[in-house]
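**Q** One structure, pasted below without further comment.
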Amino acid sequence: MKGKLITLEGIDGSGKSTIWRLLQDNTRFSQCAFTREPTTSWLGDAVNRALRSDTDHIAELMLFLADHADHISRLVRPSLENGSHVISDRYSTSRCAYQGATLQGLFEDPLDWVRTLHKGWTIDPDLIVLFDIDPAVAVKRCGDRGEQSKFEKIEFLKTVRNNYLRLAAEDRRRFVVINAERSLNEVKDEVFEIIANALEGRE
């Protein structure tokens, strides 16, 4: 039986990476393969170097796509075909939301343009858990833990969040939107239940 692909999405500071790490410590999900994008491969390293520099936005996107293609062929597809479930911290939806924001002004609908670039070769998630949070709260969280990046600007993150919510509204079957402004335990309990139900075939 083919495994399921579950992805965790949200703007920086939404708490999704913390939940992703906590999932790995829970025995209910011990049979899952945990991964993330950008990956830990040399392609993922190239993406991270580009994010820390002034790389052209289209070139940056192409690095993301190369890392994604390698990720699918090296880990995602083999795991799913072997019957293992895969839980990824960020996946293709991040690209649509983030690069759909960085490419504003270059294309009439940059989000849709980025989405089109994935068609025909990517593997679509079975479930996308979107951690929704006010950008102002998210930026404060990032500042409190001493992490800052070029993406952690409120106005930019507002666009990214709107892109995420647009994607969720256009695909209600696969997306589950949760309120990530609540306490860690509240968010954790809800996400664990959502994922456990999805893996067991319950709605």
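**Q** Identify the single condition in (1) modelled with pLDDT of 95 or more; (2) farther than 23 Å from G13 by Cβ; (3) out of contact with any helix residue (DSSP H, G or I) (no Cβ under 8 Å at 6 or more places or on another chain) that V86 does not satisfy, given that it satisfies every other one.
**A** Only one criterion in (1) modelled with pLDDT of 95 or more; (2) farther than 23 Å from G13 by Cβ; (3) out of contact with any helix residue (DSSP H, G or I) (no Cβ under 8 Å at 6 or more places or on another chain) is unmet by V86, namely (3).
**Q** State whether the residues of the stretch 48-71 include one that is of a type outside the set (S, T, N, Q), closer than 30 Å to E200 by Cβ and surrounded by fewer than 21 Cβ atoms within 10 Å (Cβ to Cβ).
**A** For the stretch 48-71, residues of a type outside the set (S, T, N, Q), closer than 30 Å to E200 by Cβ and surrounded by fewer than 21 Cβ atoms within 10 Å (Cβ to Cβ): absent.
**Q** Of everything in the stretch 5-36, what is aromatic (F, W, Y) and surrounded by 16 or more Cβ atoms within 10 Å (Cβ to Cβ)? Give them in sequence order. Reasoning before the result, please.
**A** Filtering the stretch 5-36 for residues aromatic (F, W, Y) gives 20, 29, 34.
Across the stretch 5-36, the qualifying residues are W20, F29.
**Q** Just one of the numbered conditions (1) over 25 Å from K153 (Cβ atoms); (2) not in a loop (DSSP other than H, G, I, E, B) is not true of L63; which one?
**A** For L63, the exception is condition (1).
**Q** Which residues, counting only those in the stretch 85-119, are surrounded by 14 or more Cβ atoms within 10 Å (Cβ to Cβ), among the small types (G, A, S) and over 19 Å from S41 (Cβ atoms)?
**A** A97, G100, A101 - these are the residues of the stretch 85-119 that are surrounded by 14 or more Cβ atoms within 10 Å (Cβ to Cβ), among the small types (G, A, S) and over 19 Å from S41 (Cβ atoms).
**Q** Could you tell me whether any residue of the stretch 52-74 is in contact with a Leu (Cβ under 6 Å, 6 or more places away or on another chain), under 22 Å from R173 (Cα atoms) and of a type in the set (A, V, I, L, M)?
**A** Applying the first criterion (in contact with a Leu (Cβ under 6 Å, 6 or more places away or on another chain)) to the stretch 52-74 yields 57, 66-67, 70.
Checking the rest, the ones that are also under 22 Å from R173 (Cα atoms) come to none.
Within the stretch 52-74, not a single residue is in contact with a Leu (Cβ under 6 Å, 6 or more places away or on another chain), under 22 Å from R173 (Cα atoms) and of a type in the set (A, V, I, L, M).
**Q** Could you check the stretch 11-36 and list, in sequence order, the residues that are out of contact with any His (no Cβ under 9 Å at 6 or more places or on another chain) and hydrophobic (A, V, I, L, M, F, W, C)?
**A** Scanning the stretch 11-36 gives I11, I19, W20, L22, L23, F34.
**Q** Turning to a different aspect of this structure: Under 9 Å between Cβ atoms, which residue pairs at least 6 apart in sequence (or on different chains) link something in the stretch 19-44 that is part of a helix (DSSP H, G or I) with a partner that is surrounded by 11 or more Cβ atoms within 10 Å (Cβ to Cβ) and among the polar types (S, T, N, Q)?
**A** W20/S88
**Q** Then there is this: Residue check: is V177 out of contact with any Phe, Trp or Tyr (no Cβ under 7 Å at 6 or more places or on another chain) and crowded, with 18+ Cβ neighbours inside 10 Å?
**A** no
The values are calculated or read from the model by the stated rules, or taken from the named source; none is laboratory data. Everything quoted here is computed from the prediction, not taken from an experiment. FYI the Cβ positions are ideal-geometry reconstructions off the backbone, even for glycines, and counts take in every protein chain you see.
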